[in-house]
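Here is the structure we will look at, set down as structure tokens.
The values are calculated or read from the model by the stated rules, or taken from the named source; none is laboratory data. This one's a predicted model, so the numbers in the text were calculated from it and none came from an experiment. Cβ sites come from the backbone with ideal geometry, for glycine too, and all protein chains shown count toward neighbours. Surface areas here come from the heavy atoms of the whole protein model, side chains and all, with no ligands, DNA or RNA. Shrake-Rupley method; radii C 1.70, N 1.55, O 1.52, S 1.80 Å.
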Amino acid sequence: MAASFSLAEIVARLGGEAVGEAPGPLTGVATLESAGPAHIAFLANLKYRSQLAASRAGAVILGPEEREATQLPRIVTGNPYAYYARTVALFNPPPPVKAGVHPTAQVDPAAIVDASAEVGPFVVIGHGTRVGPGCAIGAGCAIGANVRLGEGTRLHPRVTIYDDCTVGERCILHAGVVVGADGFGMAPDAGRWVKIPQVGAVRIGNEVEIGANTTIDRGALDDTVIEEGCKLDNQIQVGHNCVIGAHTVIAGCVGIAGSVRIGHHCRIGGKAGITGHLEICDNVTVSAMTLITKSIRKPGTYTSVPPFMPHADWLRYAARVRRGHDEGEEP
Amino acid sequence: MAASFSLAEIVARLGGEAVGEAPGPLTGVATLESAGPAHIAFLANLKYRSQLAASRAGAVILGPEEREATQLPRIVTGNPYAYYARTVALFNPPPPVKAGVHPTAQVDPAAIVDASAEVGPFVVIGHGTRVGPGCAIGAGCAIGANVRLGEGTRLHPRVTIYDDCTVGERCILHAGVVVGADGFGMAPDAGRWVKIPQVGAVRIGNEVEIGANTTIDRGALDDTVIEEGCKLDNQIQVGHNCVIGAHTVIAGCVGIAGSVRIGHHCRIGGKAGITGHLEICDNVTVSAMTLITKSIRKPGTYTSVPPFMPHADWLRYAARVRRGHDEGEEP
Amino acid sequence: MAASFSLAEIVARLGGEAVGEAPGPLTGVATLESAGPAHIAFLANLKYRSQLAASRAGAVILGPEEREATQLPRIVTGNPYAYYARTVALFNPPPPVKAGVHPTAQVDPAAIVDASAEVGPFVVIGHGTRVGPGCAIGAGCAIGANVRLGEGTRLHPRVTIYDDCTVGERCILHAGVVVGADGFGMAPDAGRWVKIPQVGAVRIGNEVEIGANTTIDRGALDDTVIEEGCKLDNQIQVGHNCVIGAHTVIAGCVGIAGSVRIGHHCRIGGKAGITGHLEICDNVTVSAMTLITKSIRKPGTYTSVPPFMPHADWLRYAARVRRGHDEGEEP
């Protein structure tokens, strides 16, 4: 049942140059190490070059410099990693969207669901919401009022989108994502906290992917914005009124406080944090678990966390850090 | 359809002193920068004072010191930020609670749901649970047995509350919150882990707000407690048997291990961590991403994370840190 | 209604030696401090030894060295903490599994649900999925196609399991868990990101417990694996293609990047992070909030985060750290 292709057929669809032809039909993609004769493997990171000789792959994807590094049937392409991505997609197309609304779904009469969209069981869709052509909405999603879902967007099960939020075209939102919950805003008043209603919304551009259980808060007055092509991993928190520039990627467990503006093509490492009201310019890389506490105006990589070490060594390090501050002395 | 008020009407409802009157009806709140003639703006942080002159706002909220800083129609109040919060609420009242149980909801016959409460589609409510007057329970919430929800509490979609937990009055729980999952308790036994059943519950006071996908574990034997007026942001983890004092605010992505006692009016910064069995006294501020590993008995602000820097500088810093511990020398 | 036991009955079920007998029936477990005459308490951590004299407990569990430290009726056992765990379970058995599929559940005709399993309201079960004997699936769970749930596994409400994933026997997955969402894989191509379809799955061994809102991503080509006996707390992120060794415990809010291999019997502290493609050998302990950036080949405890301090002291510390790197000098 699985798709099966020859090298020539792959190249016809995805471009690149075929050198030789696989001995039999290719039925999937695998790593150089685990591939068998029915697999096409790939060499995208040169540290795996030594695996080429021993690979049992039926064919391999590689760059022009590696063209003669193997006698295996091969596809030569300028960007083997992106080619690998497209080849996996060729062998594993997304499940087809089954047009129609599941009989258990609760769709408000004033919502407009395109006839080509799929709405799963136990979905709730609110007043005035529009679901675009080819959308697929997984089981148990809760979509508020006046929401817009662009063409071809896929929501996995149990996504929540609050009222008035917009999601672009060809987006993917994974299970447990929450878009548009209230930003964290309150005013102190005589020892208590007065809630500031959050009346902005969230606007998400086209081709954005958002990982499982990530949360993106609605704005206080203006909107929170995720621009096109951003890729967010799991369990990220984006505070109210942030603007994340196009094609920025954010790894898992990152926390971004309110009103942060991040440029385009940034890369934020896993578990990093960014405090509120900062600006990060384009093309900045933030290392894993690094805390950014000032605006960054120069592209580059930024880091804060000290190296880990055996705990006994750490105890001496910690004592030095403490002594420095206890004595108020410079080391 | 939106609410519309004059300055005089706002002051009649919220107090403060009106100086002048807006030229036309006010229909919403905006920042000084984005406000137009139909908006009321606010000056709560003096760093935005320079925006006052150019603001096109129809009126502005400000403190007594700024009374003469503008000729705009204005409201003078001792706490402009709290006044702003209340003004936003005046223009944006929460959606009305629509009394009644959705026909798809599964309410145990031995649960007691007040006639004035709203229960959304696909909600499950267990045996012996009581839902107070004016509660609103969003789509897909799963509420166990013997739970108590106090008057006026609102659950957004897909909240889970395990058996025996209590939520106070006028609380707000956002989508994906989990209250009362098992605390992380197990005993080592011959190379395996024996689960310790968690038979305490969670008790949440009045006027607590809990952000999206935050989790609060039930106690091992005694209860986990969140006292009144606490505000918790998104993706916070509160371990079993913690006690969080009244009016403490906790920013996103904070992790609090088991049996931590936090005082009242504390402020815990985003992504901070607190290890188990500690006591934090009242009025403590913990900086973002700071790890607290000892009890704190003195109010103040505490910090641990070193400053971030360009990665090339960090490499030198890291080498110094490592050399110190490798050589066992003091610097 | 609650269970009630004598010391002799407990020992008959759980082993150990009874010394004396409780004056009346025991109806539950409590701490030394809060126990009354109907409770059995326990002394597992010697720092609580001083509480023994004043305890009002009807009986106490303790180790052989403490055998004569009290005159209370007692159970002497080599592992009082594990004995305590089993005693709590004796008094608090898990709720019985009520065989049957709730009429609102949507079970694909080609799924096989054992007749002894319980399937709650609003559950969705996909094509080809098998639910083993004695499983209990909570309200609102979304289980994809070709999933396997082993005998006796319990899913709390609102768990999502994507297609093709496997969960072993006697596992517990708490509310909001997401198993099998796409790993974070994409290839840069001309300033945009090309998604790499994630076609591996997740395999979870027997007796694994997974805390609320934890996410475990499916593999890119091969599977992500959680071996038997692992215990994962809440809000953990496990990246694609990780392998977590048997009986490893991971505390809350840990983030593990892709392709990390962790050995067996490791202990990962809360909020720790592990960057991608590392190997951590058996019996490693990672301290809370520590970032592991290199493979670890030697058992032991590893730490990175500097000690917290009052913010004024921290400012001096931060200035020293910055001066070191600004001047390019060794301290």
How far is residue C:315 from itself in the other copies, in nm, if each label sits 7 Å out from Cα along the Cα-Cβ line, shortest first?
3.3, 3.3
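Using a 10 Å cut-off around each Cβ of peptide A:75-87, what is the average number of partner chain Cβ atoms that fall inside?
Going residue by residue through A:75-87 and averaging, the value is 4.
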Restricting attention to the range B:103-194, which trypsin sites (Lys or Arg not before Pro) occupy a DSSP loop and are surrounded by at most 14 other Cβ atoms within 10 Å?
none
Sort B:184, B:91 by heavy-atom solvent-accessible area, probe 1.4 angstrom, most to least.
B:184, B:91
Which distances in nm, rounded to one decimal and ordered from shortest, link the label point of residue B:45 to the equivalent label points in the other identical copies, with labels set 7 Å from Cα toward Cβ?
4.1, 4.1
Shape call for the protein assembly as shown from the C-alpha gyration tensor, a ≥ b ≥ c root eigenvalues: rounded (a/c under 1.5), prolate (a/b greater than b/c) or oblate?
rounded
Residue-wise HN-Hα coupling along the range B:50-65, computed from phi with Karplus coefficients 6.51, -1.76, 1.60 (Hz; x: Gly, Pro):
5, 7, 4, 4, 8, 5, 9, 4, x, 6, 9, 9, 8, x, x, 5
Efficiency of FRET from Cβ geometry, residue B:8 and residue B:53, R₀ 25 Å, rounded to 0.05:
0.50
If each K or R counts +1 and each D or E counts -1, the residues other than residue C:86 whose Cβ falls under 10 Å of its Cβ total +1
I need the shape label for chain B. Rule: rounded when a/c is under 1.5, else prolate if a/b > b/c, else oblate, with a, b, c from the alpha carbon gyration tensor.
oblate
Computing the accessible area with a 1.4 Å probe over protein heavy atoms, can you report the carbon and sulfur percentage for chain A?
53
Going by the alpha-carbon gyration tensor, a ≥ b ≥ c the square roots of its eigenvalues, is the range B:242-331 rounded (a/c under 1.5) or, if a/c is not under 1.5, prolate (a/b greater than b/c) versus oblate?
prolate
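From the Cα trace of the range A:132-267, what convex hull volume per residue do you get, rounded to a whole Å³?
Hull volume normalised by residue count: 91 Å³.
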So, in chain A, how many Lys pairs have Cα atoms under 29 Å apart, if the pair is 8 or more places apart or on different chains?
10
Taking the label point 7 Å from Cα along the Cα-Cβ vector, the copy-to-copy distances for residue B:261, listed from shortest in nm with one decimal, are 4.7, 4.7
